[in-house]
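I have placed the structure first, in the form of structure tokens, so that the comments after it can refer back to it.
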Protein chains: 2
Amino acid sequence: MTNPLNSLGLAARLAATELASASTVQKDSALTLMASGLLEKKEEILAANQIDVAAARQSGMAEALIDRMILDDARLNGIVESVKNIRSLPNPIDRLIGEVTRPNGLRIEKRAVPLGVIGIIFEARPNVAVDAAALCLKSGNACILRGGKDSWQTVQIFVAIIQEALTNAGLSRFAVQTVPSADRELVGALLKLDQYVDVIIPRGGKSLISRVREESRIPVFSHLEGICHVYIDAKADRSKAIAITMNAKMRRVSVCGAAECLILHKSIVPTIGRDVISSLIKAGCEVRVPGELLSLNTSLKTALDSDYGHEFLAPIIAVATVDSAEQAIKFINCHGSQHTEAIITEDQATADNFMRHVNSAIALHNASTQFADGGEFGKGAEIGIATGKLHARGPVGLEELTTYQYRVFGNGQTRP
Amino acid sequence: MTNPLNSLGLAARLAATELASASTVQKDSALTLMASGLLEKKEEILAANQIDVAAARQSGMAEALIDRMILDDARLNGIVESVKNIRSLPNPIDRLIGEVTRPNGLRIEKRAVPLGVIGIIFEARPNVAVDAAALCLKSGNACILRGGKDSWQTVQIFVAIIQEALTNAGLSRFAVQTVPSADRELVGALLKLDQYVDVIIPRGGKSLISRVREESRIPVFSHLEGICHVYIDAKADRSKAIAITMNAKMRRVSVCGAAECLILHKSIVPTIGRDVISSLIKAGCEVRVPGELLSLNTSLKTALDSDYGHEFLAPIIAVATVDSAEQAIKFINCHGSQHTEAIITEDQATADNFMRHVNSAIALHNASTQFADGGEFGKGAEIGIATGKLHARGPVGLEELTTYQYRVFGNGQTRP
């Protein structure tokens with residue numbers, strides 16, 4: 001059976017070949033045109049968005065979900081600023097990653113090149129279309145977008161504006177495409193388009209990510225869950241412990257870097273542990289603890305086994321206790337999702353050991369798990385966070401959207 | 001249905017966790033014990049190998065294939081030297097890959113860590129077992145070996161010696177394991193052991209690699225074919241063209257870096273082209289050309305369409321002609337296998353353009369394609385060559401057997 005996305009995939013592959021050698025000036029000019037196009041067509045975008053929002057309301061979608069898809073002046077300006085920010089980042093292509101001159105005189109360069117074609121599957125937030133397209137363009141990759149059906153009209157007009165910008169910058173408009181309909185079968189078709197697509201990046205909830213990981217024959221950059229832990233060690237500083245745990249849990253409860261579990265060294269339970277817990281409760285967090293900790297505070301709930309290794313994405317935290325940092329490491333490697341973990345301690349050796357042994361993309365010492373973000377890592381922008389081990393781990397920014405090629409410079413060398 | 005390799009996979013995972021934090025001294029001491037064990041048990045190894053060879057002869061295996069599996073004193077010494085060489089390489093783990101200090105004072109290190117558990121599936125050559133185990137050990141990875149049934153006894157004794165070395169170095173013997181039988185179903189089981197295995201590396205012929213790529217849910221480092229091209233440009237130097245083409249094709253015809261296709265710029269066909277072709281013919285190479293070139297030499301054969309994009313692995317080469325370097329690039333990107341391509345020219349701009357635009361892991365200017373090798377790239381040793389785009393591209397050495405972790409050092413930072 002022919003893949004219904006074959007011709008779209010071929011067009012993307014050809015555009016990717018062209019884009020791989022586009023100059024910085026050309027790519028940046030497309031991004032400039034993209035930003036101005038979004039501002040010029042503001043009315044049309046907002047009108048398309050209103051159609052999407054009305055349809056969503058009619059279908060009975062919850063207002064909290066509808067809020068994610070609504071665009072207004074402020075949000076549209078935010079999208080434009082994001083495009084301008086991506087334009088201002090250094091071109092990651094042709095970057096010299098390594099260089100060696102061999103005894104026979106061969107000079108070997110390892111240079112960054114684009115991955116090729118990236119498939120991006122996302123849900124309600126239409127801004128992902130523009131963000132992803134801008135990041136792919138800057139990194140010389142063509143992309144195929146598949147937005148959720150709820151934001152369909154908004155994404156279509158975004159893509160039309162982006163394609164016009166590409167054309168006006170002298171680049172192929174097939175560098176940014178959208179699948180032709182919201183038909184769910186096209187998600188399956190995209191996941192099987194391995195002849196043309198090099199990487200799939202899903203952006204959305206757990207069920208989407210699961211489906212993509214299950215069905216895709218193409219490598220996937222994603223995190224299924226962010227089950228992040230904060231471990232407060234025996235040698236923790238009280239005020240750091242409170243400030244970091246509060247921030248890790250409560251700054252924003254719905255982000256993947258939010259802490260879902262607090263691990264307390266038994267020796268500090270009655271002192272720092274009690275204070276951290278009472279701060280969380282005062283801030284409106286539900287704290288679920290093992291039976292022996294219930295006496296610490298009258299508002300505590302009993303933790304069930306299923307609360308560990310669970311991503312609440314809500315003002316709820318599970319608390320566990322351990323006898324040692326080693327035990328905390330084992331607990332995390334058993335219950336975590338290889339995303340982000342923090343240790344709070346004044347003991348550098350304990351911190352070093354913890355960071356080396358937790359099996360996660362990001363390990364922090366005396367800092368909040370909510371720093372798990374490409375921007376905070378100095379990457380300028382990110383397309384997501386990956387918890388797999390291969391190629392991209394942690395924040396996926398422009399650099400992670402590249403691969404490399406070895407270029408070998410000789411003057412007639414032959415191999416003995 | 002339970003995977004029959006589950007318990008073996010779990011043991012590998014636990015050993016990998018331990019190995020990830022093994023010191024350089026400990027890993028090197030295991031490699032030293034491995035080398036001495038192989039020498040001490042030489043008689044037993046050769047006896048086991050004779051059983052394999054006798055069984056292969058009895059089954060009517062061709063002598064050329066049997067030769068690949070035979071061990072003798074010299075070959076065994078070569079295997080031991082390879083272990084010693086791997087021991088002498090720098091420990092790739094904990095290598096600082098990048099570092100940034102953020103305005104908020106967070107210091108972010110990007111450090112190399114092992115991939116975890118590597119599954120290695122190979123065919124007749126028993127030395128692959130030792131080589132792969134040594135590379136995995138040095139890079140802190142556990143491995144699960146599945147050798148071909150023809151070398152079964154030899155591989156079993158190798159693994160027993162390696163496990164003894166691991167134990168005597170204080171490491172888990174489960175860091176290097178072999179599947180329990182040569183049953184082909186266990187290959188399928190290993191390819192589905194994604195819960196425990198991080199990467200699969202197949203070493204063998206095209207049918208093995210195809211099967212692995214088709215069946216595996218686990219990322220694969222491999223090259224299916226090495227369809228390497230040499231392009232002789234209009235501005236080529238005659239003596240470089242002859243020397244490099246001869247070396248690229250004839251040095252060893254059975255390696256993946258051997259040239260399979262020669263592309264001639266039409267302007268040099270009657271001069272350099274004729275000389276290169278006559279050198280190839282004199283050296284015993286069958287040269288297959290388009291009809292219009294047949295008059296160049298009476299020994300020429302006519303090329304069929306199927307000769308392009310074909311891996312001969314024999315003293316046979318297909319010749320194509322082009323009007324420009326751009327056409328050569330298109331020809332390669334259409335018929336190649338993204339492995340290794342060379343351009344011969346004295347024009348630097350043409351060379352740069354060629355190297356940037358061929359869609360292959362390795363591009364060479366005025367040097368032989370047979371340099372496609374981890375040792376020649378200064379990697380010390382390699383476990384194979386990968387033509388995929390993700391993670392490892394080109395020679396796969398110790399560095400490519402690692403991934404990374406971000407370690408973030410704070411002093412109480414919280415995210416605004």
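The values are calculated or read from the model by the stated rules, or taken from the named source; none is laboratory data. Predicted, not measured: the structure shown is a model, and the values here were computed from it. Glycine also receives a Cβ, built like all others from the backbone with ideal geometry; neighbour counts cover every protein chain displayed.
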Exercise. So A:R407 fits all but one of (1) over 21 Å from the mean Cα position of the chain (by Cα); (2) over 30 Å from B:S239 (Cα atoms); (3) facing chain B (nearest Cβ under 8 Å); what number is the exception?
Worked result: (2)
Exercise. Residues in the range A:257-280: is at least one more than 14 Å from chain B (Cβ to nearest Cβ), among the charged types (D, E, K, R), without any contact (Cβ under 8 Å) to a residue 40 or more places away in the chain and surrounded by 19 or more Cβ atoms within 10 Å (Cβ to Cβ)?
Worked result: no
Exercise. Which of the residues belonging to the range B:245-255 are out of contact with any strand residue (DSSP E or B) (no Cβ under 6 Å at 6 or more places or on another chain) and not small (G, A, S)?
Worked result: B:M246, B:N247, B:M250, B:R251, B:R252, B:V253, B:V255
Seminar exercise, completed: Residues of the range B:97-112 being more than 8 Å from chain A (Cβ to nearest Cβ) and either within 30 Å of B:D194 (Cα to Cα) or surrounded by 13 or more Cβ atoms within 10 Å (Cβ to Cβ) (or both), in sequence order, are B:I97, B:G98, B:N104, B:R107, B:E109, B:K110, B:R111, B:A112
Exercise. In the range B:133-161, what count of residues is obtained for those that are within 23 Å of B:T24 (Cα to Cα), of a type in the set (A, V, I, L, M, F, W, C) and assigned to a helix (DSSP H, G or I)?
Worked result: 9
Seminar exercise, completed: Picked from the range B:372-404 (must be within 22 Å of B:G98 (Cα to Cα) and among the β-branched types (V, I, T)), the residue nearest to the chain's Cα centre (by Cα) is B:V396
For this session: Just give me the residues in the range B:384-416 being hydrophobic (A, V, I, L, M, F, W, C) and part of a strand (DSSP E or B), in sequence order.
Result: B:I385, B:A386, B:V396, B:V408, B:F409
Problem set entry | Tally, over the range B:355-389, of residues that are closer than 30 Å to A:I218 by Cβ and facing chain A (nearest Cβ under 10 Å) | 17
Problem set entry | Test result for A:D352, under 30 Å from A:G388 (Cα atoms), out of contact with any Phe, Trp or Tyr (no Cβ under 9 Å at 6 or more places or on another chain) and either buried (at least 20 other Cβ atoms within 10 Å of the Cβ) or more than 11 Å from chain B (Cβ to nearest Cβ) (or both) | no
Exercise. In this structure, does B:A15 turn out to be in contact (Cβ under 8 Å) with a residue 60 or more places away in the chain and under 27 Å from the mean Cα position of the chain (by Cα)?
Worked result: yes
Problem set entry | Qualifying position, being part of a loop (DSSP other than H, G, I, E, B), touching a Leu at 6+ places or on another chain (Cβ under 9 Å), of a type in the set (A, V, I, L, M) and at negative phi, among B:A342, B:A314, B:A320, B:A381 | B:A381
For this session: Exactly one condition in (1) away from every other protein chain (no Cβ under 11 Å); (2) modelled with pLDDT under 95 is not met by A:S172; state its number.
Result: (2)
For this session: Within the range A:1-19, track down each residue that is assigned to a helix (DSSP H, G or I), surrounded by fewer than 19 Cβ atoms within 10 Å (Cβ to Cβ) and of a type in the set (A, V, I, L, M).
Result: A:L10, A:L14
For this session: Go through the residues of the range B:135-151 one by one and say whether even a single one is hydrophobic (A, V, I, L, M, F, W, C), crowded, with 19+ Cβ neighbours inside 10 Å, more than 14 Å from chain A (Cβ to nearest Cβ) and touching a Phe, Trp or Tyr at 6+ places or on another chain (Cβ under 8 Å).
Result: yes
Seminar exercise, completed: Inside the range B:323-336, the number of residues satisfying the requirement of being more than 15 Å from A:T17 (Cα to Cα) and surrounded by fewer than 21 Cβ atoms within 10 Å (Cβ to Cβ) is 3
Exercise. So, of the residues in the range A:244-256 that are among the aliphatic types (A, V, I, L, M) and farther than 17 Å from B:V408 by Cα, which turns out to be farthest from the other protein chains (Cβ to nearest Cβ)?
Worked result: A:V253
Exercise. Picking from A:L31, A:L46, which residue would you name as being aliphatic (A, V, I, L, M), farther than 21 Å from A:R146 by Cβ, modelled with pLDDT of 95 or more and more than 26 Å from the chain's Cα centre (by Cα)?
Worked result: A:L46
Exercise. Failed condition for B:Q413, given (1) more than 8 Å from chain A (Cβ to nearest Cβ); (2) of a type in the set (S, T, N, Q); (3) farther than 25 Å from B:E81 by Cα, with all others met?
Worked result: (1)
Exercise. Pick from the range B:208-242 the residues that are of a type in the set (G, A, S) and touching a residue at least 24 places away in the same chain (Cβ under 8 Å): which of them is farthest from the other protein chains (Cβ to nearest Cβ)?
Worked result: B:A234
For this session: Quick one: which residue in A:C261, A:C256 is of a type outside the set (K, R) and modelled with pLDDT under 95?
Result: A:C256
Exercise. Does B:E346 meet the test of being farther than 30 Å from A:D237 by Cβ, within 11 Å of chain A (Cβ to nearest Cβ) and among the acidic types (D, E)?
Worked result: yes
Exercise. Among the residues of the range B:190-214, which ones are farther than 25 Å from B:H335 by Cα and surrounded by fewer than 19 Cβ atoms within 10 Å (Cβ to Cβ)?
Worked result: B:K192, B:D194, B:Q195
Exercise. Can B:E346 be described as in the same structural domain as B:A258 (by TED's automatic domain parsing), buried (at least 22 other Cβ atoms within 10 Å of the Cβ) and among the charged types (D, E, K, R)?
Worked result: no
Exercise. Among A:N91, A:N77, which is polar (S, T, N, Q) and either within 30 Å of A:G410 (Cβ to Cβ) or not in a helix (DSSP H, G or I) (or both)?
Worked result: A:N91
For this session: Would you check if there is a residue in the range B:395-403 being within 7 Å of chain A (Cβ to nearest Cβ) and either within 13 Å of B:C256 (Cβ to Cβ) or of a type in the set (D, E) (or both)?
Result: no
Exercise. In the list B:A160, B:A133, which residue meets the criterion of being of a type in the set (A, V, I, L, M) and under 20 Å from B:P92 (Cβ atoms)?
Worked result: B:A133
Exercise. How many residues does the range A:164-176 contain that are closer than 12 Å to A:A35 by Cα and crowded, with 18+ Cβ neighbours inside 10 Å?
Worked result: 2
For this session: Select from the range A:57-73 the residues that are over 26 Å from the mean Cα position of the chain (by Cα) and assigned to a helix (DSSP H, G or I) and write down the one among them that is surrounded by the fewest Cβ atoms within 10 Å (Cβ to Cβ).
Result: A:Q58
